[in-house]
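A short worksheet on the structure shown next.
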Amino acid sequence: MNPSRTTTAVPQRRLGQCGLVVSTIGLGCMGMSDDAYGDVDEAESIATIHRAMDLGVTLFDTAEQYGPFENESLLGRTLKGKRDHIVLATKFGFRIENGETTGTNSRPEHIKLAVEGSLRRLGTDYIDLLYQHRVDPHVPIEEVVGAMADLVREGKVRFLGLSEAGVANIRKAHAVHPISALQSEYSLWERNLEAEILPVLRELGIGLVPFSPLGRGFLAASAKRAEDYPPTDFRHLDPRLQGANFDINKLAAKTVIDVAKERNLAPSQIALAWVLHQGGDLVPIPGTKRRSYLEQNVAAVTVALSAEELARLDRAMLQVAGPRYSEERMAMVDH
């Protein structure tokens with residue numbers, strides 16, 4: 001059977017030990033309101049959100065930065081009247097001026113203003129999962145989480161998360177208020193979390209929400225060379241899609257394609273199944289703005305990989321060439 005489409009409701013997982021329960025796969029909504037991943041089609045994006053709900057997806061991921069602000073507004077309009085059936089995750093932490101991101105800002109007074117804006121745009125009186133989008137080097141994490149915890153006590157936020165935080169800040173944050181989830185990049189070709197971050201998350205009972213679980217399309221066999229994307233596209237500056245790196249990585253990703261062909265599946269389903277096999281405390285959020293890709297992604301929850309297939313995929317992706325971000329983007333990641 002080829003589960004490229006599915007009508008089966010997505011099972012659920014507990015995300016961390018604070019009581020947050022979500023669908024095993026969520027939906028990353030960034031591309032629906034941001035040309036960083038190609039042209040935007042609002043009608044198809046809305047249809048994709050509705051189809052996700054039909055399939056049992058409950059976790060919808062957005063941020064004030066996406067658009068900026070437009071993505072939250074899109075979700076607010078689309079999910080009106082359906083609030084009780086979904087888990088809304090959004091993020092704060094950037095300074096946004098005249099529609100441009102100009103740095104980080106996680107000062108406590110700014111956090112509260114940012115959340116009020118998110119609540120208004122999302123058309124709700126509470127956020128299920130609130131992340132700090134990037135660690136702010138100018139504000140101690142204890143002050144940030146203290147302000148976030150105030151919002152929990154006020155009933156405006158249910159659970160707290162961090163994004164791209166390092167070990168030291170994860171520990172400091174969790175000591176102030178329980179952290180339910182860390183959102184960071186994790187996939188077959190991005191394994192930086194395995195040595196230190198994942199063990200700490202499991203020690204503290206924090207779930208992991210992997211973004212870009214398909215390697216920005218590379219593991220779905222849909223990515224092009226960096227220079228083939230317009231300068232406005234996020235992938236235009238992706239080191240792994242540039243020059244010789246692209247050729248090396250394409251050879252490595254061939255194994256994903258080969259396993260998919262042998263199983264009569266899409267490469268994206270193999271890549272997502274690999275992530276889901278890494279533990280019941282992971283909830284990937286592949287981003288898409290098209291129903292066809294959504295259905296393909298959601299069907300990955302039914303794919304079981306053998307030990308031999310998992311080992312084969314691991315061996316192949318040891319060949320990945322190039323850092324995951326440019327130096328400028330990497331500077332925003334907490335180490």
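All of the numbers you see were taken from the coordinates with simple rules; none came from a lab. Not measured: the values here are computed from a predicted model. Here Cβ is always computed from backbone atoms with ideal geometry, including for glycine, and neighbour counts include all displayed protein chains.
A compact table of results
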{"read-out": "Potential extension, Asp150-Lys250 segment - 0.36 nm per residue separation minus Cα distance", "value": "31.3 nm"}
{"read-out": "Whichever lysines have a C-alpha closer than 17 Å to that of Lys261, once near sequence neighbours (fewer than 8 apart) are set aside", "value": "Lys250"}
{"read-out": "Helix-derived mean residue ellipticity, 222 nm - over the chain, DSSP H n ≥ 4, -39500 (n - 2.57), to 500", "value": "-11000 deg cm²/dmol"}
{"read-out": "Distance in nm between pseudo-label sites at His50 and Gln17 (7 Å out along the Cβ direction from Cα)", "value": "4.3 nm"}
{"read-out": "Charge-dipole axis of the chain as Lys and Arg at +1 and Asp and Glu at -1 on Cβ define it, positive-most pick from Thr90, Leu188, Ser326", "value": "Leu188"}
{"read-out": "Cα centroid separation - region 212-256 against region 99-162, whole Å", "value": "32 Å"}
{"read-out": "Full-extension gain in nm, Lys224 to Glu308, via 0.36 nm per residue minus C-alpha separation", "value": "27.3 nm"}
{"read-out": "Restraint check, Lys112/Lys289; Lys91/Lys112; Lys224/Lys289; Lys112/Lys156; Lys91/Lys224, Cα-Cα greater than 20 Å", "value": "Lys112/Lys289; Lys91/Lys224"}
{"read-out": "Calculated P(r) tail over 21 Å for region 161-224, as whole % of Cα pairs", "value": "27 percent"}
{"read-out": "Pairwise label distance in nanometres, Val167 with Asp125, each label 7 Å out on the Cα-Cβ vector", "value": "4.4 nm"}
{"read-out": "Nearest-20 debye value, region 151-256 charge dipole, Cβ charges on Lys, Arg, Asp, Glu", "value": "260 debye"}
{"read-out": "Å³ per residue enclosed by the Cα convex hull of the chain", "value": "123 Å³"}
{"read-out": "Cross-link partners of Lys82 among aspartates and glutamates (Cα-Cα below 12 Å; sequence separation of 8 or more within a chain)", "value": "Asp54"}
{"read-out": "Förster radius 30 Å - calculated FRET efficiency between Leu237 and Gln319, Cβ distance, rounded to 0.05", "value": "0.85"}
{"read-out": "Global form of region 17-128, assessed from the alpha-carbon gyration tensor, a/c cut-off 1.5", "value": "oblate"}
{"read-out": "Extension gain from Val40 to Ala9, taking 0.36 nm per residue of separation minus the Cα-Cα distance", "value": "8.4 nm"}
{"read-out": "Cα-Cα pairs of region 172-261 separated by more than 17 Å (percent)", "value": "58 percent"}
{"read-out": "Candidate aspartates and glutamates - alpha carbon under 13 Å from Lys254, same-chain residues fewer than 8 apart omitted", "value": "Glu262, Asp314"}
{"read-out": "Student exercise, the chain dipole from Lys, Arg, Asp, Glu Cβ charges, in Debye to nearest 20", "value": "760 debye"}
{"read-out": "Local electrostatic count at Ala260 - Lys and Arg +1, Asp and Glu -1, tallied over other residues with Cβ under 13 Å", "value": "+1"}
